[in-house]
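What follows is one structure encoded as structure tokens, with my remarks underneath.
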Amino acid sequence: MNTHLQDYSHKRLNILTGEWVLVSPHRSKRPWQGQNEEISNEKRPSYDENCYLCATNTRINGEVNPDYKDVFVFTNDFAALQKDSPSFKIDDGLFKAKSETGICKVICFSPDHSKSLADMDVKDIKKVVNVWQQEYISLGKNKDINYVQIFENKGAVMGCSNPHPHGQIWSQSALPNEVEKKDNQQLKYYNTKNSNLLEDYLKQELEANERIIFQNKDFVVLTPFWAIWPFEVMIAPKKAQENITKMTDEEALNYAEAISVITKAYDKLFNTSFPYSSGIHQSPTNNKENKHWHWHMSFYPPLLRSATVKKFMVGYEMFGSPQRDITAELAAKRLKNLI
């Protein structure tokens, strides 16, 4: 392990976006006198009559949830993207805007209100993975949908308004900013090297073995070299695949195992139900080959030192570039030790 990276301030390049992150390892020793978050560890019931995501309950729009037994998907009652909004464009000097349409869905991972992915069996997580695959296919067939974004916000500190285990799927006509950056970077590398950027990166990571947290036959779980969030993690298939539909049934099970392992480790880190935002970046559904794409799932958890101290993206992060204190290597080591 390069000691300079552990002792001195430096920049690291995010090869997937082309952007830099500032790392300041010496700052992790500073005392904390700032805000402490309130983290609730209260035990939730398996069914909550007031939860609009629980089976058989009525949602705000009057629709009644079915008595679902595993995974349940429905169109978001408060969708951020509208399916039938009119097409328009504004090009008035420096005032530029254009219409954006899409379809937003909610996916309940389990009927059990008390659980999170960390509490679910691997075979039940695989059911969630299979629904993600089905939704990617069905939404992607829509001629007006060119990207399908699968994500989860877990915990009140991440803005989650309902503790029931669930995620969301937003699909839209344009590529979101982060996806467009990764599309450009991977395409540029593929055209230059005739190989996949992330696959080559994973080979180097596996050889270095400094940031690897867990691996099985098909997947690797690691803290990226360029990680921004304190305990950021990436899950990726070892062999390049454009999107999650390319997995075999066995690979889907191994992917579910990887999700289970890291979410369980997160909960052990500060002995709390660990909050995070997670999301899958994969090839657009734009009818192109997209051979340059290598799909991956990222976890961005906010907690820094304990269950009540989080990382704030303010000041320099807002006006300069992202910055982190604990190095990716030390974060990976702490998580690996919990598995």
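We did not get these values from a lab; they are worked out from the coordinates using the rules stated. Owing to the predicted nature of the structure, the values given are computational and were not obtained by experimental measurement. Glycine also receives a Cβ, built like all others from the backbone with ideal geometry; neighbour counts cover every protein chain displayed.
Values computed for the structure shown
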{"item": "Pair Arg305, Asp200: separation of 7 Å Cα→Cβ label points (nm)", "result": "4.1"}
{"item": "Pairwise FRET efficiency - Tyr47 versus Lys239, Cβ, R0 = 45 Å, nearest 0.05", "result": "0.65"}
{"item": "Cα→Cβ-extended label distance, 7 Å offset, between Lys288 and Lys96, nm", "result": "1.8"}
{"item": "Filtered GluC sites (Glu not before Pro), segment 244-295: DSSP coil and at most 11 other beta carbons within 10 Å", "result": "Glu289"}
{"item": "Relative counts (whole %) of C-alpha pair distances in the chain, using bins that are 20 Å wide", "result": "28, 59, 12"}
{"item": "Within segment 94-175, trypsin sites (Lys or Arg not before Pro) in DSSP loop having at most 14 other beta-carbon neighbours inside 10 Å", "result": "Lys141, Lys143"}
{"item": "Phi to ³J(HN,Hα) by Karplus 6.51 cos²θ - 1.76 cosθ + 1.60 over segment 329-335, Hz, x for Gly, Pro", "result": "5, 5, 4, 4, 4, 5, 5"}
{"item": "Residues Lys333 and Tyr8, FRET efficiency given R0 of 22 Å [Cβ-Cβ distance, rounded to 0.05]", "result": "0.70"}
{"item": "Span from the segment 280-332 Cα centroid across to the segment 118-143 one, whole angstrom", "result": "22"}
{"item": "Cysteines without a disulfide-compatible partner [the chain; Cβ-Cβ under 4.7 Å]", "result": "Cys104, Cys108, Cys160"}
{"item": "5 angstrom amide H check on Phe274, placed H, neighbours 5+ away", "result": "Asp267"}
{"item": "Where labels lie 7 Å past Cα in the beta-carbon direction, separation of Arg59 and Ser114 in nm", "result": "2.6"}
{"item": "Other-chain or far-sequence residues with amide H under 5 Å of Gln323's (modelled H)", "result": "Leu22"}
{"item": "Cβ-placed point charges (K, R +1; D, E -1), dipole of segment 267-320 about Cα centre in debye, nearest 20", "result": "80"}
